[in-house]
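K.L.:
Mind having a look at this structure? Questions to follow.
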Amino acid sequence: MSEQNKHKPKQDIPSVLSRIKRPKKAVVTAGMPYANGPLHIGHLAGAHVPADIFARWMRMLVGKDNVLFVCGTDDHGSTSEVAAKVLGKTTREFIDEIHAKQSKTMNKFSIGLDVYTGTSREENFESHKEYCQQFLRDLYQNKMLEKKTSEQWFDPSMQLFLPDRYVHGTCPNSECDNEKAYSDECDVCGTTYEPKELKQPKSALSDATPVLKETDHWWLDMWKVSDVLKEWIDGKQRTWRKNVLNEVTNTVAPAMIFSNVHEETFKSIKDTLPKHKSRYAPGKKIVIQFDNLADLEAVKKTFESKGIECALDDAWAHRSITRDVSWGIPVPTDIDPAMAGKSLYVWPESLIAPISFTKVALKNKGLDPASFSDYWHDPEANVYQFLGQDNVFFYVLMQGAMWLGVKKDPHSLPASGELQMTDIFSCFHLQIDGQKMSKSKGNFYTGDQLVDEMGYSPDQVRYFLALLSLTEKSSNFDFETFKQRNEFLAGPMNAAFEKPISAIHSKFNGVVPAGELLPKVEKETFKMVQLYVKSMEKAEYSKLLFMVENYARIINGLFNQYKPHDDRHDEKERVDAIYSCFYILKNVVIMLSPFVPETMDRLRKSLNLPETIYSVDEFNIPFPANHKIGEQAEYFPAPKPS
């Protein structure tokens, strides 16, 4: 063997399978829906279907007993409380109704969760509250929390503090006449401003004139752990999606900002400074970024000696994590009695929630909830989180800072036995007519509508959503394209499934003969398995599905070339071809089972194969010779008439 070939990876299926990274345990989470309405196809497309596909892949990889797929409703905060008030219902009653509907939709679309609970639900709340409160104590102990006083809108008629989005008024920009501008931002002209600048403010709940009242809250200081956050994110440069990295890489780098009146002085000393990047910023400013806080502090002193006035560019790193709402996780008063009546803000609570959901899932399986640490604290386990692109900041920077902030030493990456950092998969938004789907705008279709009113099968919807390139860009749900894909599935794809089954019953007495795998099929299968593993590890499904389609259609080519359905042709060629067709079919069932589980289970039953074939290691196992095949069924349904 040449020196060059000695180091070349083996090009066979067992070698491909041996190179897959297999965690000891895995948790998969999907973005938590608010408990304020039905699940629309944007939820399914951006979080729940991709996460379900990945959870099924992980079960194929490490076994279902080692994988937990958890989710639940995001119950707390003003969103659900206000929605309930509007309908004249108690918050509990309202949330229970929404949860039941969402759970039914999840089941309808075969979202194979181990638990679908909620932050306020009876089976979860007490344990969740205890865990969240201890989290706050640990953050406080590590000096990750700072108490600040700020002004917040208060509705005097309803006697409650209002979120910014529940206050609207006239935009303070003299060139804009928008009378429905938000408290801090106008979505018509794009102006941002201080809440007190909003003209003629009104409460969206009561139409009363709200007032600004001072209130105290805990703020999370992410700046203190920014070096470790940056180290962690830098370590993901080759494995995370670009859209995730682009969102956080520049944000987390320690930075200062100064006026461009000092630009000449800055240029004169630039070459003597530690490694950095600089860029122009709005307001005639210059931002300078560094690799670490130590370099920033050193340059700050240099700037001061040169008369350059600068400030930390750290607004991203300080976020309030408590709120003045009654419906939530109460802040523990042993930290500070003056914070009695405050609640944990829903965002940090929702980041902690999947840990609590994991405990519920374990308890439901008859296992010790304390074994959640096997999933969340073990470096050989992995947590995979699927979410919308606009939530990347929270799941990477805020969650990362929180996880570090409860460690014994927040200034190092987690050790075994501590909360491990998670892997993040984000999707861009599903659009309708070029606009982001939104319940508040009313331009959305619910998952139930597509099935119950329009007559599509859940697997048709799942397949189409997986085909959209939401990992790379926002995509439109286009019904004409959807129809064309359904026509393809009901046509050429079904033909690839049905031809071998029909031929085996009509020409081979329903039994797959002991044939030899055709060289072309063996070669194409190796390439397909290689691509499949690589794509599934990255949760990149769109291009993969087109390749699986092409692989399945090899069957149609084998029928055209070797005529296994026509006993006038060469017997050995027919036997090898029909055997090769069923070998492909078995692999297709495995490959597509995470995407269209109900359809592939019907095909599996037609092939008379056990559920144990849902394993990546089955790619290395031949189709059983002299195997009896079951009856043909309906696989992908015919598309609905326009």
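The values are calculated or read from the model by the stated rules, or taken from the named source; none is laboratory data. Please read all numbers here as calculations on a predicted model, not as lab measurements. Please note: Cβ atoms are built from the backbone with ideal geometry, for glycine as well, and neighbour counts cover all protein chains shown. Quick note on the areas: whole protein, heavy atoms, side chains included, nothing else; ligands and nucleic acids left out. Shrake-Rupley method; radii C 1.70, N 1.55, O 1.52, S 1.80 Å.
K.L.:
Run the numbers for residue 435 and residue 481: contour at 0.36 nm per residue of separation, minus the present Cα-Cα distance, in nm. Don't skip to the answer; put the middle values down first.
P.N.:
Details: separation 46, 0.36 × 46 = 16.56 nm, distance 1.75 nm.
Length difference between fully extended and current span is 14.8 nm.
K.L.:
If you don't mind, there's one more thing I want to ask. Carbon and sulfur: what percent of the chain's accessible surface (1.4 Å probe)? It would help to have the intermediate numbers written out before the result.
P.N.:
Numbers: 13740 of 28820 Å².
That fraction is 48 percent.
K.L.:
Among rounded, prolate and oblate, which fits region 462-535 when a ≥ b ≥ c are the square roots of the eigenvalues of its C-alpha gyration tensor, a/c under 1.5 means rounded, and a/b larger than b/c means prolate?
P.N.:
On the way: a/c = 4.25, a/b = 1.62, b/c = 2.63.
Oblate.
K.L.:
Let me ask another. Could you calculate the contour length gain from residue 18 to residue 502, that is, 0.36 nm times the residue separation minus the distance between their Cα atoms, to one decimal place in nm? Numbers along the way, then the final one.
P.N.:
On the way: separation 484, 0.36 × 484 = 174.24 nm, distance 3.61 nm.
My answer for the length gained is 170.6 nm.
K.L.:
Angle, helix 346-364 long axis vs. longest principal axis of the chain, Cα atoms, 0 to 90°, nearest 10?
P.N.:
40
K.L.:
Run a plain Debye calculation on region 1-137 (Cα atoms as equal point scatterers, no solvent) and give log10 I(q)/I(0) at q = 0.19, 0.21, 0.22 Å⁻¹, rounded to two decimals, same order as the q list.
P.N.:
-1.13, -1.25, -1.30
K.L.:
What does region 192-242 give for Rg and for Dmax, in Å, if only its C-alpha atoms count?
P.N.:
20.2, 52
K.L.:
Over the Cα atoms of region 346-392, what is the Rg over Rh ratio if Rh follows Kirkwood? Can you show the working numbers first?
P.N.:
Working: Rg = 12.2 Å, Rh = 11.9 Å.
A ratio of 1.02.
K.L.:
In units of 2.2 N^0.38 Å, what is the alpha-carbon radius of gyration of region 542-642? It would help to have the intermediate numbers written out before the result.
P.N.:
Working: Rg = 14.5 Å, N = 101, 2.2 N^0.38 = 12.7 Å.
Region 542-642 yields a ratio of 1.14.
K.L.:
Per residue, how many Å² of accessible area does the chain show with a 1.4 Å probe?
P.N.:
Details: 28820 Å² over 642 residues.
Solvent-accessible surface per residue comes out at 45 Å².
K.L.:
Return the FRET efficiency for the residue pair residue 65, residue 108: r is the Cβ-Cβ distance, R0 is 30 Å, and the value is rounded to the nearest 0.05.
P.N.:
Details: r = 26 Å, r/R0 = 0.86.
So the FRET efficiency works out to roughly 0.70.
K.L.:
In whole angstrom, note down how far apart the Cα centers of region 546-569 and region 217-263 are.
P.N.:
53
K.L.:
Mind jotting down the distance between the C-alpha centroids of region 443-507 and region 369-411, whole Å?
P.N.:
35
K.L.:
In debye to the nearest 20, how big a dipole does region 452-524 give about its Cα centre with +1 on each Lys and Arg Cβ and -1 on each Asp and Glu Cβ?
P.N.:
Working: 8 positive and 11 negative charges, 59 e Å.
Roughly 280 debye, rounded to the nearest 20.
K.L.:
Also, quick follow-up: Assuming 0.692 mPa s and 37 °C, estimate D for region 103-243 with Stokes-Einstein, Rh taken as the Kirkwood radius over Cα pairs, in µm²/s.
P.N.:
The estimated diffusion coefficient comes to 168 µm²/s.
K.L.:
Just list whichever of 224/270; 483/572; 196/267; 527/572; 25/129; 148/407 have alpha carbons separated by over 29 Å in the model shown. Please report the intermediate quantities before stating the final value.
P.N.:
Numbers: 224/270 26 Å; 483/572 40 Å; 196/267 39 Å; 527/572 26 Å; 25/129 25 Å; 148/407 24 Å.
Beyond 29 Å between Cα atoms: 483/572; 196/267.
K.L.:
Specify the angular offset, from 0 to 90 degrees and rounded to the nearest 10, of the alpha carbon long axis of helix 458-467 from the longest principal axis of the alpha carbons in the chain.
P.N.:
It is inclined by approximately 70 degrees.
K.L.:
Modelling each spin label as a point 7 Å along the Cα-to-Cβ direction, I'd like the residue 415/residue 628 distance in nm, to one decimal.
P.N.:
Taking the simple label geometry, residue 415 and residue 628 are separated by 6.1 nm.
K.L.:
Next up: Pulled fully out, how much extra length does the chain show between residue 520 and residue 137, if you take 0.36 nm times their separation in residues and subtract their Cα-Cα distance?
P.N.:
Values: separation 383, 0.36 × 383 = 137.88 nm, distance 6.25 nm.
Answer, rounded to one decimal: 131.6 nm.
K.L.:
Suppose each label sits 7 Å from its Cα in the direction of the beta carbon; what would the residue 250-residue 572 distance come out to in nanometres?
P.N.:
So the label points at residue 250 and residue 572 sit 6.5 nm apart.
K.L.:
How far apart, in nanometres, would the label points at residue 216 and residue 281 be if each is projected 7 angstrom from Cα along the Cα-to-Cβ direction?
P.N.:
Result for the modelled spin labels: 3.1 nm.
K.L.:
Same structure, new question: Classify region 105-163: rounded, prolate or oblate, from the alpha-carbon gyration tensor (a ≥ b ≥ c, eigenvalue square roots; a/c under 1.5 rounded; otherwise prolate if a/b is larger than b/c)? Spell out each step's value before the answer.
P.N.:
Values: a/c = 2.77, a/b = 1.42, b/c = 1.95.
Oblate.
K.L.:
Report the paramagnetic label zone for residue 122: residues of region 85-101 whose backbone N is under 20 Å from a point 7 Å from Cα along the Cα-to-Cβ axis.
P.N.:
From region 85-101, the list is 90-101.
K.L.:
Same structure, new question: So which cysteines in the chain don't have a second cysteine's C-beta under 4.7 Å from them?
P.N.:
71, 132, 310, 427, 581 - these cysteines have no disulfide-compatible partner (Cβ-Cβ under 4.7 Å) in the chain.
K.L.:
Here is a follow-up. Using r as the Cβ-Cβ distance of residue 234 and residue 301, and R0 as 25 Å, what FRET efficiency do you calculate, to the nearest 0.05? Write out the running numbers ahead of the final one.
P.N.:
Values: r = 26 Å, r/R0 = 1.02.
After rounding, the FRET efficiency stands at 0.45.
K.L.:
Something else now. R0 = 22 Å: FRET efficiency of residue 179 with residue 393, Cβ-based, nearest 0.05? The partial results should precede the final answer.
P.N.:
Working: r = 30 Å, r/R0 = 1.38.
That pair, residue 179 with residue 393, gives E of 0.15.
K.L.:
So, one more: Using modelled backbone amide H atoms (1.01 Å from N, in-plane), which distant-in-sequence or interchain residues come within less than 5 Å of residue 72's amide H?
P.N.:
117
K.L.:
Further question: Using the Kirkwood radius over Cα pairs, work out the Stokes-Einstein diffusion coefficient for the chain at 20 °C and 1.002 mPa s, in µm²/s as a whole number.
P.N.:
Numbers: Rh = 27.7 Å.
After rounding, the answer is 77 µm²/s.
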